2 protein chains.
Amino acid sequence: MNQKKVPSDKLAEFCAACFQKLGVPAGDARLVASNLLFANLRGVDSHGLIRLKIYTERLRAGGFKADARPQVISEQDSIALIDAAHGLGQVAATMAMKLAIAKAEKTGMAVVTVKNSNHFGASAFYAMQAIEHGMIGFSATNAGPTMAPTGGREGRLGNNAFAIAVPAGRYPPLVLDMATGAVAWGKIFVAQQEKRKIPGTWALDKQGVPTDDPNAAANKGLIQPLGGYKGYGLSLLLDILTGVLSGGGFSTHVRTLYQQVASPAEVAHTCAALRVEAFMPVAQFRERMDAIIELMHSCPAAPGVSRIFVPGEIEHETEQRRSAEGIPLNGELQEELRMLAGELGLKPPF
Amino acid sequence: MNQKKVPSDKLAEFCAACFQKLGVPAGDARLVASNLLFANLRGVDSHGLIRLKIYTERLRAGGFKADARPQVISEQDSIALIDAAHGLGQVAATMAMKLAIAKAEKTGMAVVTVKNSNHFGASAFYAMQAIEHGMIGFSATNAGPTMAPTGGREGRLGNNAFAIAVPAGRYPPLVLDMATGAVAWGKIFVAQQEKRKIPGTWALDKQGVPTDDPNAAANKGLIQPLGGYKGYGLSLLLDILTGVLSGGGFSTHVRTLYQQVASPAEVAHTCAALRVEAFMPVAQFRERMDAIIELMHSCPAAPGVSRIFVPGEIEHETEQRRSAEGIPLNGELQEELRMLAGELGLKPPF
């Protein structure tokens, strides 16, 4: 089946309609849809429409509570804690980020944690909300255990992820959005299909031994943390700053998106905002950001490298292109959306 | 010359005496000495006494202003900015951490940045000050440019480092203290001496091409960021959160400890503190920390692995051992300390 390109608005409308059919209030449905399409627009397809099917399954099975209302359960000037009541991660995390921004407006800096939540999609979606307020944004989440501590051979930590978004001047905002694993499973599956070896730093076999064989990795193996024990430390600290600190799930208490779809996944998040104006006029900060971005761009390149990027730049350019041309959908995804449309009595978006 | 073990108190006294001879006020001299010995006690010898000689050189040459007084130059409830006036990094960073703790006591969370500073030694020294206050501590610094952005072949970013310290219950505090490079230069020099190849993820040759030859790395090559572009992103973000945000030096404006010893190095730091009690009773948090630490310890191990550690655990055990047995000094370091003692008219500490 051929690839199709479909405007992101139409796809977002379709996602929102799916969620509403499953009991999600209209505003929340649109918010979650916009988070999924945000990922597709930026080329982060792993966090986009490809997740729609499992989201609908968890909504049906009860793992996502469709109409949960997140609530602030404790608060201080620069701190808050939100109970997401097992609802959609996007709804609670958006509330957390808004609250962090409002508090940072007053005190200069604020942190809001979220417990009893679920998969929140692309992390940059939240961190980037700080930018229009002249703030630096931070967002992080834990996830079901798929990595081992260094030396181990069982999942004890998620491929926990975080994003930091920083306003710039004439350049797009600088946005670092990264998971703490060496690589995404997708790259290992591709190597498997193409019968290629993988670098020895990507995965462990089922005994916990580093392997360059993608088949050994895929057979009950694990992803390695990025850069060895440093990535293990980063992943553990993110679990502490989200799950342990919020009073929510951590380590083996968190479930992955695809496990036990009827049960809450016990995911936790943390959002933070830092008011640039507390340090210097925002205009001056933007100039300084442009200067450091230019110092990266102008670095002499290694042979074969045509251009040096800063974090978020490739995603920004993809977003501009896909906003104009639409989101490319492969045959499999088209089929999945058609099936969902049929099940829910909706028209497919193409 | 034989290895000697010397009590850390005696070595700290000696360092402080050296600094005082060079015009550093007594309290500051003791503080900087305690920071160097903190590193040696914890087995992080790269940040310990080995730096004493260059510190004395910079104090003499004026790159470190011996009697500079750091000052708070702007402030909000959860924010402050300190001008270190080109003094010792340890003095300004300690002031920053204290201020972050005092502010977090009131608002729940605070961030203090420092500009016009210098090398601050081991980062964990600051982050760990938060622990006795029932807080999570964070400290970060930038450094002279020794890494390239991904695809580049010239130094544009320091091997920027940060530490996070978290109180636990019956276990020692969890302390992650890491630089953003794949590896320290020391490991490459050892491979060079032993005529061994290095992993292709450690270094670049002078063209910016990854190399497994330690000689090619040492000949005007660069350290690679940890985990490739993710480590580049981390290093860049640390430079933004320290240098760009504080109004201090960043990227190529920062000098390494060994360059131009008569000039200020334009280093910047950021310290932060987060009050655990704002989220839950500290006792409960400590129990939750013990639980996540035990989930790491109890992970089934890979073949050949006898024990799984959490960040900071090896350093804690080294500290206990070295507190009892003394700090091991090799012949070269003994000679260096003797020379310094001679130059400054002091008795060597052994």
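Using a 7 Å offset from Cα along the direction of the beta-carbon, what are the separations from residue B:170 to the same position in each other copy, nm, ascending?
Going from nearest to farthest copy, the values are 6.2 nm.
List the residues of segment B:288-312 whose accessible area drops by at least 30 Å² when all protein chains are present, compared with their chain alone, using a 1.4 Å probe and counting only protein heavy atoms.
Listed by number, the residues meeting the 30 Å² cut-off are B:288, B:292, B:295, B:296, B:299, B:300, B:302, B:303, B:308, B:311.
If each of residue A:291 and residue A:307 carries a label point 7 Å out from its Cα toward its Cβ, how far apart are those two points in nm?
2.6
Of the options A:162, A:172, A:113, report the single residue whose Cα projects farthest towards the positive end of the charge dipole of segment A:91-216 (beta-carbon charges: Lys, Arg +1; Asp, Glu -1).
A:113
At residue A:300, with labels set 7 Å past Cα in the Cβ direction, how many nm apart are the copies from this one, shortest first?
Spelled out, the distances from residue A:300's label point are 5.2 nm.
Tell me, what % of the accessible area of segment A:195-347 is carbon and sulfur with a 1.4 angstrom probe?
Result for segment A:195-347: 52 percent of the exposed heavy-atom area is carbon or sulfur.
For the pairs A:5/A:103; A:4/A:98; B:5/B:206; A:65/A:98; A:230/B:220; B:10/B:220, flag any whose C-alpha to C-alpha distance is greater than 29 Å.
Check vs 29 Å cut-off fails for A:5/A:103; A:4/A:98; B:5/B:206; B:10/B:220.
Seen from all sides and averaged, what is the projected area of the convex hull of the Cα atoms in chain B, in nm²?
18.3
From the backbone phi of segment A:313-320, what are the Karplus-calculated ³J(HN,Hα) couplings (6.51 cos²θ - 1.76 cosθ + 1.60, θ = phi - 60°) in whole Hz, Gly and Pro given as x?
Computed from phi, the couplings for segment A:313-320 are 6, 5, 5, 5, 5, 5, 4, 4 Hz.
Rounded to the nearest 5, what is the percent of antiparallel bridges among the DSSP beta bridges in chain B?
90
Carbon and sulfur together cover what percent of the accessible area of segment B:66-166 at a 1.4 Å probe radius?
Of all accessible area on segment B:66-166, carbon and sulfur atoms account for 49 percent.
Above 16 Å lies some portion of the pair distances; for segment A:155-231, what is it as a whole percent of all C-alpha pairs?
The proportion of pairs with Cα distances above 16 Å equals 54 percent.
With the calculation restricted to Cα positions, what are the radius of gyration and Dmax of segment B:193-288 in angstrom?
When restricted to the Cα atoms of segment B:193-288, Rg and Dmax are 19.5, 54 Å.
Please report the Cα spread of segment A:1-155 along all three principal axes, rounded to whole Å, starting with the longest.
54, 43, 29 Å, listed from the longest principal axis down.
B plus A alone minus the pair: what accessible area, both sides summed, probe 1.4 Å, in Å² to 100?
By this definition, chains B and A bury close to 6400 Å².
For a quick size check, give me the Cα extents of the protein assembly as shown along its three principal axes, largest first, whole Å.
For the protein assembly as shown, the Cα extents along the three principal axes come out at 89, 54, 49 Å.
What residues does segment A:71-85 have that are buried by at least 10 Å² of accessible area in the full protein assembly compared to the chain on its own, 1.4 angstrom probe?
A:74, A:76, A:77, A:78, A:79, A:81
Express in % the proportion of alpha carbon pairs of segment A:145-195 at distances exceeding 15 Å.
64
Averaged across orientations, what area in nm² does the convex hull of the alpha carbons in segment B:191-350 project?
Averaged projected hull area, Cα only: 16.3 nm².
Under a straight-distance cross-link criterion of Cα-Cα below 19 Å, which aspartates and glutamates are reachable from residue A:187, leaving out those fewer than 8 residues away in the same chain?
A:45, A:177, A:205, A:212, A:213, A:315, A:332
May I ask you to give the average projected area over all directions of the convex hull of the Cα atoms of segment A:271-350, in nm² rounded to one decimal?
Here the figure is 10.3 nm², rounded to one decimal.
I need two numbers for segment A:252-310: Rg to one decimal and Dmax as a whole number, Cα atoms only, in Å.
Spelled out, the Cα radius of gyration and Dmax of segment A:252-310 are 21.1, 53 Å.
Output ³J(HN,Hα) for segment A:170-180: one whole-Hz value per residue in order, computed from phi by the Karplus curve 6.51 cos²θ - 1.76 cosθ + 1.60 with θ = phi - 60°, and x for Gly and Pro.
Residue by residue, segment A:170-180 yields 7, 9, x, x, 8, 10, 9, 9, 9, 8, 9 Hz.
Accessible area per residue, 1.4 Å probe, Å², for the protein assembly as shown: what's the number?
Ligands and nucleic acids excluded, the result is 38 Å² per residue.
Can you give the FRET efficiency to the nearest 0.05 for residue A:105 and residue B:282, using r as the Cβ-Cβ distance and R₀ = 30 Å?
0.60
Taking the Cα-to-Cβ direction at residue A:339 and at residue B:213 and moving 7 Å from each Cα, how far apart do the two end points lie in nm?
Rounded to a tenth, the inter-label distance reads 5.4 nm.
At R0 = 35 Å, how high is the FRET efficiency between residue A:9 and residue A:75 if r is their beta carbon distance? Nearest 0.05 is fine.
So the FRET efficiency works out to roughly 0.45.
Compare the peptides B:106-118, B:188-200, A:91-103 by average per-residue count of other Cβ atoms within 10 angstrom and give them in order, highest first.
B:106-118, A:91-103, B:188-200
Can you pull the semi-axes for segment B:119-168, root of five times each eigenvalue of the Cα gyration tensor, sorted largest first, whole Å?
With the √(5λ) rule applied to segment B:119-168, the semi-axes are 30, 10, 5 Å.
For segment A:76-148, what ratio Rg/Rh do Cα atoms give with a Kirkwood hydrodynamic radius?
Result for segment A:76-148 is an Rg/Rh of 0.99.
Once the label point is set 7 Å along the Cα-to-beta-carbon vector, what list of distances in nm do you get between residue A:106 and its counterparts in the other copies?
Result for residue A:106, in nm, nearest copy first: 1.4.
The values are calculated or read from the model by the stated rules, or taken from the named source; none is laboratory data. Keep in mind that this is a model prediction, so the values were computed, not measured. Cβ coordinates were reconstructed from backbone atoms using ideal geometry, including for glycine residues, and neighbour counts include every protein chain displayed. For the accessible areas, the whole protein counts, side chains as well, though only heavy atoms, and no ligand, DNA or RNA atoms are used. Shrake-Rupley method; radii C 1.70, N 1.55, O 1.52, S 1.80 Å.
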